Amino acid sequence: MAYKITDECVACGTCMESCPNEAISEGDIYVIDAEKCAECGACVDACPTGAIIEE
């Protein structure tokens with residue numbers, strides 16, 4: 001399982017703040033680094049727009 005940030009991302013930073021592994025980087029739409037991601041789901045739970053999905 002891997003996570004992906006979709007176009008629904010509003011770049012609010014909530015997911016990045018919740019990630020214990022610093023696997024999310026900033027941009028117009030944030031990006032999850034699969035190598036750093038522990039697949040804990042903290043970002044999914046934190047995202048207010050539901051923009052993070054399982055791939």
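The values are calculated or read from the model by the stated rules, or taken from the named source; none is laboratory data. Keep in mind that what you see is a predicted model, and the values were worked out from it rather than measured. So basically every Cβ, Gly included, is an ideal-geometry build from the backbone, and we count neighbours across all protein chains shown.
Before moving on, here are some points about what is shown:
- Looking across segment 1-46 at every residue that is in a loop (DSSP other than H, G, I, E, B) and small (Gly, Ala, Ser), the one that is surrounded by the most Cβ atoms within 10 Å (Cβ to Cβ) is identified as Ala23.
- In segment 23-40, the qualifying residues are those that are of a type in the set (Val, Ile, Thr) and modelled with pLDDT of 95 or more, and the one that is farthest from Thr6 (Cα to Cα) is Ile24.
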